[in-house]
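Since every read-out is calculated from the coordinates, none of them should be taken as a lab result. All values reported here derive from a predicted model rather than from experimental measurement. With ideal geometry, Cβ positions are generated from the backbone for all residues, glycine too; neighbour counts draw on all protein chains shown.
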Amino acid sequence: MRQQVTRLGLLFTMACVVVALGAFGSANNLLFLILAIMLATFMVSGFISRLSLAGLELDFLLPEHISARRKLYARIVIRNTKGWMPSFSIHVTASGDSGLSFPLYFPVIPGGERVEEPVELLFARRGSYRQNSFRFSTRFPFGFTERRINVPLLREVLIYPSIDPQPGFEDLLLSLEGEIASFYRGQGHDFYRIRPYEVLESARHVDWKATAHTGDLQVREFSREKEQAVAFFLDLDVPEDQAAWFETAVDRCAFLAWNMSQRGSRVRFCTQDVDWQLPEEADVYTILKYLALVFPRPGKPLTASNDRNVFQIIFSASPDRLPEAGWELSGTNVRLLSPDAVGQRHALPTVQSEK
């Protein structure tokens, strides 16, 4: 617990000094009595303010799933564990990365009870939040000093990477959707295109109007009935100078995985540490929880995938070493996103850290 003397407290202290000098200089008993009352008032003020801050606990009532850089509404809970002593004039503040963007004020918190207040939260980054970044303060009862105490959050709050579109994210998603649809074209129900007839194909899909127009057999092609599968490969072998790109890659991976799962695609997610097949839409939260805490692992190679029946999206800061590990990057089912391929088809724009 810390305290800071206010302007009123400074004036009161100066008054005590003046009265003390007068009392000792004149030996007047009345001045000594006034000095004693003033000192007792100052001591009682400090004692009561300490009691007001003692026994306070803080917690949040939060949604189950929270992503970074997205505003959410929650409820802050302040509990007074003192069975008989209320807490008066309590201010609650927080550091900038704790989610609470503005201070709160509670006139009184009864002893043994709790109070709730709706708040708007915004977490700026992904990760685990459990730190002594919240502070209670009070000037009760006389305002001579402001006492402050840091309080820990009662729970660990896990913040997913941002799944909201950032500059370039939506264009990347549309581009990938077109490539995935092209890779999974086949015989289904959704019309895809008209193309020339190939040997041994069924004649029931021949488009006679297009055939008469071109003079060659033309068939209708439909999107494949088979459920689309998308594999995300996040390479954790990232150099130190590409740390900013890695954070952008994590955000892009979370954004794409979330949107692909919402569109009904079967998602596979792989890094140097995990290899998950997630057939259910709700399982995408498993990926988001992992991405919330992932960090680079320099020097560890990414195992190559031999599955040619799924569309692969690869995030790698060092794509030149992938072929040596057995990766085939030239197939129609591969999309490489790296910081070095700027301006090419498989490019992910380089992110430069701000100085």
Neighbour-count ranking for ILE37, ILE287 (other C-beta within 10 angstrom, fewest to most) reads ILE37, ILE287
antiparallel share of DSSP beta bridges within the chain, to nearest 5, in %, is 75
Check: C-alpha center the stretch 21-67 vs C-alpha center the stretch 109-185, spacing in Å is 34
The farthest towards the positive end of the charge dipole of the chain, of the residues PHE123, PHE102, TRP245, given +1 on Cβ of Lys and Arg and -1 on Cβ of Asp and Glu, is PHE102
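How much length, in nm to one decimal, is gained on full extension between GLU57 and VAL151, taken as 0.36 nm per residue of separation minus their Cα-Cα distance?
On the way: separation 94, 0.36 × 94 = 33.84 nm, distance 0.70 nm.
Result: 33.1 nm gained on full extension.
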Taking only C-alpha positions in the chain, Rg and Dmax in angstrom work out to 32.4, 124
In terms of the charge dipole of the chain, which places +1 on Lys and Arg and -1 on Asp and Glu at the beta carbon, the residue among SER67, ALA36, PHE12 farthest towards the positive end is ALA36
Here, chymotrypsin sites (Phe, Trp or Tyr not before Pro) of the stretch 42-135 satisfying both criteria (DSSP loop; at most 14 other Cβ within 10 Å) are TRP84
With Cα coordinates, the longest principal axis of the chain makes an angle with the long axis of helix 284-293, in degrees rounded to 10, of 50
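Where nothing but the Cβ of Lys and Arg (+1) and of Asp and Glu (-1) is charged, how large is the charge dipole of the chain around its Cα centre, in debye to the nearest 20?
Details: 38 positive and 40 negative charges, 324 e Å.
Dipole about the Cα centre, nearest 20: 1560 debye.
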Taking Cα atoms only, helix 243-262 is inclined relative to the longest principal axis of the chain by an angle, in degrees rounded to 10, of 70
P(r) of the stretch 1-152 over all Cα-Cα pairs, 10 Å bins starting at 0, rounded to whole percent, reads 10, 32, 25, 17, 9, 5, 2, 0
Listing TYR197, TYR290, TYR160 by rising number of other beta-carbon atoms within 10 angstrom, fewest first, gives TYR197, TYR290, TYR160
A chain fully extended from LEU8 to GLU328 at 0.36 nm per residue, minus the present Cα-Cα distance, gains in nm 107.8 nm
Nearest 10, in degrees from 0 to 90: the angle of helix 7-26 to the longest Cα principal axis of the chain is 20
About its Cα centre, the stretch 1-159 carries a charge dipole, from +1 on Lys and Arg Cβ atoms and -1 on Asp and Glu Cβ atoms, whose size in debye to the nearest 20 is 360
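What is the diffusion coefficient of the stretch 1-62 in µm²/s, taking the Kirkwood radius over Cα pairs and the Stokes-Einstein relation at 25 °C with a viscosity of 0.890 mPa s?
On the way: Rh = 13.9 Å.
It comes out at roughly 176 µm²/s.
Apply 1/(1 + (r/R0)^6) to the Cβ-Cβ distance of MET38 and TRP84, taking R0 = 22 Å, and write down the FRET efficiency to the nearest 0.05. Each step should come with its number before you reach the end.
Values: r = 29 Å, r/R0 = 1.30.
Rounded to the nearest 0.05, the efficiency is 0.15.
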Quick calc, LYS71 & ARG50: beta-carbon distance into FRET formula, R0 30 Å, rounding 0.05, result 0.25
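May I ask for the longest run of the chain untouched by GluC sites (Glu not before Pro) that are loop-located per DSSP and have at most 16 neighbouring C-beta atoms (other than their own) within 10 Å? Don't skip to the answer; put the middle values down first.
On the way: sites that count: GLU64, GLU113, GLU156, GLU198, GLU201, GLU225, GLU227, GLU280, GLU328, GLU354.
Maximal segment without exposed cleavage sites: 1-63.
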